[in-house]
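What follows is a single structure, written as structure tokens, with notes after it.
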Amino acid sequence: MHCNDDGPATLGLFSDSDLQQPARVEVLGPQSRVLRGFALPWVEALLPQLDAVLAAAPFRQMQTPGGFTMSVGLSSCGQLGWTTDRSGYRYSPIDPQSQRPWPALPKVFQELAEAAAEAAGFPGFAPDSCLINCYRPGAKMSLHQDKNERDYSAPIVSLSLGLPAIFLFGGRQRSDKSQRVALLHGDVVVWGGVDRLRYHGVLALKDGHHPLLGQQRINLTLRRAG
Ligand SMILES: O=C(O)CCC(=O)C(=O)O
């Protein structure tokens, strides 16, 4: 499941440091929360499903409308997958690389997302899209708003796996000051409601080695897009 396809990761269960991470909730804004370690109990069930999705829809480097190649490797599962190319950002039911529908959203992804959303104050979340981002050292995501969804009533649920990263969580204007939030393996960030359109991004990933995922960070961003 590596971004650059250099062989399968060796998957154990939890590393000691993951198990020592206390489960707690941090408030980023009125309707945004970091659920520390929330996904750890789900990881064992989730990783084989992630492997299966990536076997059907491998990571690829997509182009922005401005012609830049994104440093983050992307894939998707669910009824709709987020894509970008020279003609724009959009959701599509078809993987442009295979010309087939995206792999189905695994049940464990849905259940985790629903439980995390509920824990953050958004009961009844039913995602139809999961963007899978793969960061190698140096990869980053610029500040942006999630605005390609049909309506903004559902929250965003964003799960971190593998290497730690610094998540930037800003305001409704690009120029607003961003909070810097260190995200670790198993952390879930949820934002919605009045915070749904806040700018966010990820600083360039620092080099390192995660006991389960190796030299990478994988992020699953679950949304209601259609
Ligand atoms: O990798 C992350 O934590 C954030 C991903 C993100 O912002 C996005 O996919 O829109």
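Taken over segment 52-76, the criterion of being hydrophobic (A, V, I, L, M, F, W, C) and out of contact with any strand residue (DSSP E or B) (no Cβ under 7 Å at 6 or more places or on another chain) is satisfied by 52, 55, 56, 68. There is no residue in segment 107-126 that is more than 25 Å from residue 25 (Cα to Cα) and not aliphatic (A, V, I, L, M).
The rows are residues; the columns are (1) touching a residue at least 60 places away in the same chain (Cβ under 8 Å); (2) within 12 Å of the ligand (Cβ to nearest atom); (3) aromatic (Phe, Trp, Tyr); (4) surrounded by 15 or more Cβ atoms within 10 Å (Cβ to Cβ).
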| residue | (1), (2), (3), (4) |
| --- | --- |
| 161 | yes, yes, no, yes |
| 182 | no, yes, no, no |
| 187 | yes, yes, no, yes |
| 191 | yes, yes, yes, yes |
| 201 | yes, yes, no, yes |
| 210 | yes, no, no, yes |
| 213 | yes, no, no, yes |
| 220 | yes, yes, no, yes |
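Among the residues of segment 12-26, some residue qualifies, meaning at least one is at pLDDT 95 or above and surrounded by fewer than 19 Cβ atoms within 10 Å (Cβ to Cβ). Residue 95 meets each of the listed conditions (1) within 15 Å of the ligand (Cβ to nearest atom); (2) surrounded by 14 or more Cβ atoms within 10 Å (Cβ to Cβ) apart from (1). Exactly one residue among 139, 165, 154 is more than 14 Å from the ligand (Cβ to nearest atom) and either over 15 Å from residue 71 (Cα atoms) or not hydroxyl-bearing (Ser, Thr, Tyr) (or both), and that residue is 154. Using the structure shown, decide if residue 129 is in contact (Cβ under 8 Å) with a residue 24 or more places away in the chain, touching a strand residue (DSSP E or B) at 6+ places or on another chain (Cβ under 6 Å) and over 22 Å from residue 184 (Cα atoms). When the stated conditions are applied, residue 129 passes them. Applying the criterion of being within 16 Å of residue 82 (Cβ to Cβ) and polar (S, T, N, Q) to the residues of segment 102-136, the residue that is nearest to the ligand (Cβ to nearest atom) is 133.
Scanning segment 183-200 for residues being within 28 Å of residue 213 (Cα to Cα) and not aliphatic (A, V, I, L, M) gives a total of 6.
The values are calculated or read from the model by the stated rules, or taken from the named source; none is laboratory data. In this text the structure is predicted, and so the values were computed from the model without any measurement. With ideal geometry, Cβ positions are generated from the backbone for all residues, glycine too; neighbour counts draw on all protein chains shown.
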